[in-house]
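Below is one structure, written out as structure tokens, with a few remarks after it.
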Amino acid sequence: MTVSLRGLLALLTVTAPGGGLAAQTLPQTAAERTGYASTSTNAEVGAFLDSLQLAGAPIAVSELGTTALGKPIYFVIASDPAVTSPGEAAAAGKLVIYLQGNIHGGEVEGKEAVLAVLRELAGARRDLLQKLVILVAPDYNADGNDAFDPQATNRSEQNGPELVGRRPDGLNLDLNRDYFKAEAPETRASLARVYDTWDPALMVDLHTTDGTRHGYLLTYSPPLDPNGPPGPTLFVRDQMLPALRKTLQDKYHEAIFDYGNVDNPVEPRSWDTYAPLGWYGTNYVGLRGRMAILSEAYSHADFKTRVQVTHDFLVEILNYAALHADEIRRLEREADRQTTLEGAGLALRPALAVTYKLGSRGVEPVVLEVMKPPDSTSVRGRVGGGRQQLLPTGELRAYRLPVNDRFVDSLTRPLPAGYYLPPAAGEIAALLRLHGIHVQRLTAEWTDTVETLVAQISWAPREFQGHHQVIIGGTWVTAPRTLPGGTHFVSTAQPLGRLVFSLLEPEGNGLARWGAFDRYLGTEFGPGGGAAVEFPVVRARRAPRAPARSRP
Ligand SMILES: [Zn+2]
């Protein structure tokens, strides 16, 4: 990026007391400058990054892309010596980590914390760059960030700052539900520029939680979709996160725990994590066979405390990754190899989930704030319709609860050799390629025994993210079919083979659920009347022997 006027202005207007020349010229974040009364605009993020680069920090600043409202999505590569491509990073033996702030525009502390971490990479923490290349999108949802309004409007359960942005992006999409359908410019840019290009070994997604009132400064989650290659996810869940929890307690006296909520805060019965769907960023990364961590600072802690704990969590994640870089690399290489062998039928093809249920790791103490029903005479305790709103008491108590931190399958389908898509489904083939998936196209017809779904289809009455989701059930039939020339074939014998299943298996939570195949389902006026239709996605029992080409 060129040195801009805003960068020079930021440089000239900041000073840090004490320290040497570098300390005097390193910028402060908007949060630091205002005593945590405010959070950075996207332009202030850009100015901070320019100043940091001008001051000699080991960073290169560019843009992932542009938002719907025309704002730059800033993207930073921190490396020493500088690398500009994943090939150079691999040649230097560096592990690539991706940190993402502000996917939900009102959840602002991740953005401030990653900026502080980038500044420390210019000084005390520069050694991390001996092992790591650190990619950062500090303000991923720039449109949401800059839609400032009082927190009472945008984040009613949050303890400062007073003005924050709103959750969705400029298209009114929740970016943390967009990872499969990739409708948002932010998602499309990050798939192309981060995941397909850099293939980060570990991704960290920074949020704020306003769910159940608990006794932790931050809660976290590994990828939750059990369909992902198990090695990387189990490493995060069973080794990395417990070690980080201990480090945060021992070194910083910050209590952190698994993300969760209780059903009934007056009588908590279990501590339950969130949905395992790959529409969410960290679950999506798990399906790709890479490591990911969801970080949720506690919205009832004050802003400065939330920035601090998010910062400390990030620093220790980076320390851990640097220390275990070889093991992380080995686990991910093995996941790629195993997934490819499974798809090729050279290793046992797994049965993968199309529906899920919660699983427990056992009963543990979980610290919650004691909640009480309001006094029946209290006006404050009643909300619309007379429903009682619970009141926090300020008292923390450890409840012994099942910690439901994982999902297991409740209905499975075997991984097929691949999927056939109709010749006209070029848009879906293009979307799969945006995910980094290899798609072939038959150049001649091919007859084989395949699996087709005689589907019963209905649409959810309620709209969600601009879609009426499709509910698909039915009966699988094994029968010969002739696939015409032009048919797309998506093999599962590739490192992203389990992501292929998750996107294309009709009964699961993939693209079909988002309506990607609706136009193939019947007449001009839809299938109507609940009649059965043959679903246009066909499961292959073996790869086609017909001639095919790989480019669209
Ligand atoms: Zn969030």
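Data overview
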item: Strands (runs of 3 or more DSSP E) enclosed by the stretch 178-259 - at least 2 residues per element that are within 16 Å of the ligand (Cβ to nearest atom); result: 202-209, 218-221
item: Residues of the stretch 298-341 that turn out to be open to solvent by less than 10 Å² (accessible area, probe 1.4 Å) and of a type in the set (K, R), as a count; result: 1
item: Only one of A398, A424 that is part of a strand (DSSP E or B) and farther than 24 Å from D178 by Cβ; result: A398
item: Condition broken by L95, with the remaining ones in (1) farther than 27 Å from A301 by Cβ; (2) surrounded by fewer than 21 Cβ atoms within 10 Å (Cβ to Cβ); (3) not β-branched (V, I, T) satisfied; result: (2)
item: Only listed residue being modelled with pLDDT under 90 and among the charged types (D, E, K, R), chosen from R513, R541, R519; result: R519
item: Residues that are aromatic (F, W, Y) and under 25 Å from the mean Cα position of the chain (by Cα), drawn from the stretch 404-449; result: F407
item: Residue match in the stretch 126-147 (condition: assigned to a loop (DSSP other than H, G, I, E, B) and without any contact (Cβ under 8 Å) to a residue 24 or more places away in the chain); result: no
item: Residues satisfying the stated conditions in the stretch 444-499, i.e. outside any loop (DSSP other than H, G, I, E, B), of a type in the set (S, T, N, Q) and in contact with a helix residue (DSSP H, G or I) (Cβ under 7 Å, 6 or more places away or on another chain); result: S491
item: Test result for L171, open to solvent by 10 Å² or more (accessible area, probe 1.4 Å), of a type in the set (A, V, I, L, M, F, W, C) and more than 15 Å from the ligand (Cβ to nearest atom); result: yes
item: Hey, L499 at pLDDT below 95 and open to solvent by less than 20 Å² (accessible area, probe 1.4 Å) or not; result: no
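The values are calculated or read from the model by the stated rules, or taken from the named source; none is laboratory data. Not measured: the values here are computed from a predicted model. Every residue, glycine as well, gets a Cβ built from its backbone with ideal geometry; the counts of neighbours run over all protein chains shown. Heads up: the accessible areas ignore ligands, DNA and RNA and are worked out on the full protein's heavy atoms, side chains in. Shrake-Rupley method; radii C 1.70, N 1.55, O 1.52, S 1.80 Å.
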